[in-house]
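Student: Here it is, the structure, as structure tokens.
The values are calculated or read from the model by the stated rules, or taken from the named source; none is laboratory data. Nothing here was measured: the structure is a model prediction, and the numbers come from that model. Reconstructed Cβ throughout: ideal geometry from the backbone, glycine too, with neighbour counts over all protein chains shown.
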Amino acid sequence: MANMKAMVVDRWGEQSTLQNREIPKPGPGEALLKVRSAAVGLTLLNMRNGSFGGAAPRIMGHELGGDIVEVGSGVKNVKAGDRCAVYFYLTCNQCRWCRGGRETLCEKFGGFVGVHRDGGFADFVCLPAENFLPIPDGLDYEAAAMATDAVNTNWHCMRERAKINPHDTVMLIGAGGGVGIHGVQVAKLFGARIIAVDVSDEKLDLAKQWGADEVINVKRTPDVAAEAKRLTDGRGVNAAVDYVGHAATFQSAYDSLTTGGRAVVIGVGAGDISINPRQMMLTEKVVTGSRHSTRTELIETMEVMARGLIKPVVGMRTHFSEIESIFDSIKAEKLLGRGALTYD
């Protein structure tokens, strides 16, 4: 059996190491992808500490683009030679949520690629064939990898959960991060005025470069809600998206809303927020979460990117065997945009 190189986490909480592994053989309903590019973000660090469940040893990596090289029996949706991106969630495709177009809420959810089965920080990855979606002409592997989490998460959020329209002012908390910077582009594509919030001038300069109209540096202006209202003539924002997800950041998101505003949490943090039920009833404010995207939304995201309307923002690029250097940059809050991995 031929071998491949893989970055393996032997125990949750530990760094990954380069190891030799057998190239997996696709079983019935599965396909094998030669990985050409991968993207890297903060979610992977949360996965690596074990908070997403799953068992180690594990090959991580879910934001992937590459070429199908082999398929198992019964596979009809992909064939050898197809350029494909990877869908992150392992879903049943049979329950009411999957059949109703909201597969991120799958009743028989099987977990995550790179957590509950091996992912693509390796030369090859074997997954259910339905987790592979075609990359459109005009979109390269790296951009497709970015689409699978950093961009499609925003596509779902802005359209379905935050319900952005061209009349809106939208506040993005964590706008300079790997998901947030693509959120700036998506919200701008939907026509919104954008207030970017982050912890450094470097991150906020990047957000302005990609379309932010106003910025708030929380290190200098900690009362985010007051500043958001100042920037909106006292009204507040129509939508606030929190990519950090801690109690303090989501409280700021909620407190910044105008009447009928929508506060959406994407990041996975800790703590609880305080909401006055009477005030919420009188203002009809909406508090909700936004979870990844459907397969259809990922296809739409790649098509929009292939047209050049949203571009991947890469802050650091290295070979997949050097992924720990990107993790170090993320932990130091120095990574601007998304990390990218090469496989040549």
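Student: Looking at the range 289-320, which of the residues that are over 21 Å from Lys188 (Cβ atoms) and more than 18 Å from the chain's Cα centre (by Cα) is surrounded by the most Cβ atoms within 10 Å (Cβ to Cβ)?
Tutor: Per the criteria, the residue is Phe320.
Student: Could you please find all residues in the range 191-200 being surrounded by fewer than 24 Cβ atoms within 10 Å (Cβ to Cβ) and either modelled with pLDDT under 95 or within 18 Å of the chain's Cα centre (by Cα) (or both)?
Tutor: Answer for the range 191-200, where residues must be surrounded by fewer than 24 Cβ atoms within 10 Å (Cβ to Cβ) and either modelled with pLDDT under 95 or within 18 Å of the chain's Cα centre (by Cα) (or both): Val199, Ser200.
Student: Within the range 107-137, can you find the residues that are in contact with a Gly (Cβ under 9 Å, 6 or more places away or on another chain) and in a loop (DSSP other than H, G, I, E, B)?
Tutor: Gly111, Gly114, Val115, His116, Asp118, Gly119, Gly120, Phe121, Ile135
Student: Based on this model, can you work out whether Ala270 counts as at pLDDT 95 or above, aliphatic (A, V, I, L, M) and within 21 Å of Asn46 (Cβ to Cβ)?
Tutor: The answer is no for Ala270.
Student: Same structure, new question: Among the residues of the range 193-219, how many are in contact with a Ser or Thr (Cβ under 9 Å, 6 or more places away or on another chain) and not acidic (Asp, Glu)?
Tutor: Here the count works out to 7.
Student: Look at the range 321-344 and say how many of its residues are crowded, with 18+ Cβ neighbours inside 10 Å and either β-branched (Val, Ile, Thr) or in a loop (DSSP other than H, G, I, E, B) (or both).
Tutor: Count: 7.
Student: Of all residues being at pLDDT 95 or above and hydroxyl-bearing (Ser, Thr, Tyr) in the range 25-82, which is nearest to Arg317 (Cα to Cα)? Just the residue, please.
Tutor: Only one residue tops the list, namely Ser37.
Student: Taking the criterion of being over 17 Å from the mean Cα position of the chain (by Cα) and among the small types (Gly, Ala, Ser), would at least one residue in the range 182-190 satisfy it?
Tutor: No, because not a single residue in the range 182-190 is over 17 Å from the mean Cα position of the chain (by Cα) and among the small types (Gly, Ala, Ser).
Student: Picking from Val78, Val71, which residue would you name as being in contact with a Lys or Arg (Cβ under 8 Å, 6 or more places away or on another chain) and surrounded by fewer than 22 Cβ atoms within 10 Å (Cβ to Cβ)?
Tutor: That would be Val71, the only listed residue that is in contact with a Lys or Arg (Cβ under 8 Å, 6 or more places away or on another chain) and surrounded by fewer than 22 Cβ atoms within 10 Å (Cβ to Cβ).
Student: Same structure, new question: Scan the range 125-139 and report the pairs whose first residue is in the same structural domain as Leu90 (by TED's automatic domain parsing) and at pLDDT 95 or above and whose second residue is surrounded by 24 or more Cβ atoms within 10 Å (Cβ to Cβ) and part of a helix (DSSP H, G or I), with Cβ atoms within less than 7 Å and a gap of 6+ or a chain change.
Tutor: From residues that are in the same structural domain as Leu90 (by TED's automatic domain parsing) and at pLDDT 95 or above, the pairs are Leu133/Leu298; Ile135/Ala144; Ile135/Met302; Pro136/Met302; Leu139/Met302; Leu139/Met305.
Student: Determine which single condition Thr318 fails, assuming it passes every other condition in (1) at pLDDT 95 or above; (2) hydroxyl-bearing (Ser, Thr, Tyr); (3) in a helix (DSSP H, G or I); (4) outside the structural domain of Val186 (by TED's automatic domain parsing).
Tutor: Every listed condition holds for Thr318 apart from (3).
Conditions tested, residue by residue: (1) closer than 22 Å to Glu303 by Cβ; (2) among the charged types (D, E, K, R); (3) under 16 Å from the mean Cα position of the chain (by Cα); (4) crowded, with 21+ Cβ neighbours inside 10 Å.
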| residue | (1), (2), (3), (4) |
| --- | --- |
| Gly114 | no, no, yes, yes |
| Phe121 | no, no, no, yes |
| Ala129 | yes, no, no, yes |
| Gly138 | yes, no, no, no |
| Met146 | yes, no, yes, yes |
| Lys163 | yes, yes, no, no |
| Pro166 | yes, no, no, no |
| Gly178 | yes, no, yes, yes |
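Student: For the subset of the range 231-280 comprising residues that are of a type in the set (D, E, K, R) and in a helix (DSSP H, G or I), which member is farthest from the chain's Cα centre (by Cα)?
Tutor: So the residue we want is Arg278.
Student: Next question. Which one of these does Val170 not meet: (1) closer than 18 Å to Leu335 by Cα; (2) among the hydrophobic types (A, V, I, L, M, F, W, C); (3) in contact with a helix residue (DSSP H, G or I) (Cβ under 7 Å, 6 or more places away or on another chain); (4) surrounded by 24 or more Cβ atoms within 10 Å (Cβ to Cβ)?
Tutor: (1)
Student: Let me ask you something else. Among the numbered criteria (1) part of a loop (DSSP other than H, G, I, E, B); (2) touching a residue at least 60 places away in the same chain (Cβ under 8 Å); (3) over 15 Å from Ala39 (Cα atoms), which single criterion is violated by Asn165?
Tutor: For Asn165, the failing item is (2).
Student: Of the residues Ala228, Ala212, which is assigned to a loop (DSSP other than H, G, I, E, B), assigned by TED's automatic domain parsing to the domain that holds Gln279 and buried (at least 22 other Cβ atoms within 10 Å of the Cβ)?
Tutor: Step by step, each of Ala228, Ala212 is checked, and only Ala212 is assigned to a loop (DSSP other than H, G, I, E, B), assigned by TED's automatic domain parsing to the domain that holds Gln279 and buried (at least 22 other Cβ atoms within 10 Å of the Cβ).
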